[in-house]
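So the structure is just underneath, and the comments pick up after that.
The values are calculated or read from the model by the stated rules, or taken from the named source; none is laboratory data. These figures come from a predicted structure and were not determined experimentally. All Cβ positions, even for glycine, are placed from backbone atoms using ideal geometry, and neighbour counts span all protein chains on display.
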Amino acid sequence: MQEEEAPDAAWVRALSGRSLAACRRAIREAQSARALFDHLAREHEREGRRSYVEIDAPLELHALVRLLRPRHVVEVGVSSGVSSAYLLHALRMNGLGTLHSVDLPSFPGRRRPGQGPTKISWTLPPGRGSGWAVPFPLRARWDLRLGDKAEVLPLLASELPRIDLFVYDVPHRDVETRGEFRLLAPRLGPGAVAIVDHGPNGELCSALRGWARSVGGTPSGRAGLGLYGFRRPRTRPTHAEGAGGRRRAVPRLSAGSSTGRSGARVRALSVA
């Protein structure tokens with residue numbers, strides 16, 4: 001696992017609204033979490049995944065949680081759990097908040113004889129589950145939902161009073177993402193932040209641009225990466241409208257819940 005180089009404090013400032021000095025301090029604090037990085041690196045090394053597909057700005061995510069002090073963080077896309085671990089670490093330092101993660105586990109296909117372990121992938125190693133690299137002591141604040149995001153996100157939208165930080169880290173198309181953002185938009189209150197990973201060198205998608213525009217936000221890109229986000233201004237009144245300006249009904253869903261050996265509250269979705 002590679003250490004993040006040249007974290008972007010200016011991007012954190014644009015999203016948090018805090019001073020550049022405060023953002024730099026928050027990033028240095030994240031960099032000082034050496035025990036966390038070393039644990040994640042060992043777990044990936046143990047599974048033969050020295051290079052692993054994950055969000056490329058865990059330090060900025062940690063800094064944003066420390067600065068925003070969110071009560072509800074929603075993350076779409078978990079894989080090994082690098083971003084989850086940094087989000088959870090910051091929540092524990094804050095002493096408040098819950099990470100609600102959504103993941104549809106993906107497993108590698110059958111390897112050909114003589115083929116070595118996968119080097120770069122978001123698939124799970126054999127016998128491992130979503131977030132397998134997250135340290136157990138951090139999982140008390142973790143609400144892990146396993147299932148298709150198209151089914152799990154409506155459930156979260158119906159349950160959560162608000163979303164303070166939204167991190168979307170899965171491959172996506174505007175046609176489906178626009179509907180998901182419209183569904184979640186009423187929960188994104190003033191001062192909340194939404195971030196979307198568009199892949200290496202990816203460009204800002206029209207779905208996120210439209211969502212930001214609908215609430216008076218200005219998209220900002222992380223230097224050198226395909227990460228874009230926006231902060232909903234506090235001066236604009238809250239309204240129960242989606243990114244398209246129309247109210248959207250939330251389907252009623254239910255989920256089975258358990259606290260398994262993973263240490264997180266794991267829920268598998270079923271439609272009521």
Which residue pairs have Cβ atoms closer than 9 Å, lie 6 or more positions apart in sequence or on different chains, and pair a first residue in the range 1-17 that is touching a residue at least 60 places away in the same chain (Cβ under 8 Å) and surrounded by fewer than 16 Cβ atoms within 10 Å (Cβ to Cβ) with a second residue that is among the aliphatic types (A, V, I, L, M) and in a loop (DSSP other than H, G, I, E, B)?
Ala6/Ala223; Ala10/Ala223
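Does Gly244 satisfy the condition of being among the small types (Gly, Ala, Ser), farther than 25 Å from Arg145 by Cα and either exposed (fewer than 15 other Cβ atoms within 10 Å of the Cβ) or at pLDDT below 55 (or both)? Can you show your working first?
Details: among the small types (Gly, Ala, Ser): yes; farther than 25 Å from Arg145 by Cα: yes; either exposed (fewer than 15 other Cβ atoms within 10 Å of the Cβ) or at pLDDT below 55 (or both): yes.
It is true that Gly244 is among the small types (Gly, Ala, Ser), farther than 25 Å from Arg145 by Cα and either exposed (fewer than 15 other Cβ atoms within 10 Å of the Cβ) or at pLDDT below 55 (or both).
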When you scan the range 148-178, how many residues do you find that are at pLDDT below 90 and touching a strand residue (DSSP E or B) at 6+ places or on another chain (Cβ under 7 Å)?
2
Any residue at all in the range 115-132 that's part of a loop (DSSP other than H, G, I, E, B), in contact with a helix residue (DSSP H, G or I) (Cβ under 9 Å, 6 or more places away or on another chain), at pLDDT 90 or above and not basic (Lys, Arg)?
no
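Can you tell me how many residues in the range 177-206 are acidic (Asp, Glu) and out of contact with any helix residue (DSSP H, G or I) (no Cβ under 7 Å at 6 or more places or on another chain)?
2
Give the range 211-233 a look and list any residue that's of a type outside the set (S, T, N, Q) and without any contact (Cβ under 8 Å) to a residue 60 or more places away in the chain, or say none. Spell out the reasoning first.
Pass one, the range 211-233, residues of a type outside the set (S, T, N, Q): 211-213, 215-217, 219, 221-233.
Answer for the range 211-233, where residues must be of a type outside the set (S, T, N, Q) and without any contact (Cβ under 8 Å) to a residue 60 or more places away in the chain: Trp211, Ala212, Arg213, Val215, Gly216, Gly217, Pro219, Gly226, Tyr228, Arg232, Pro233.
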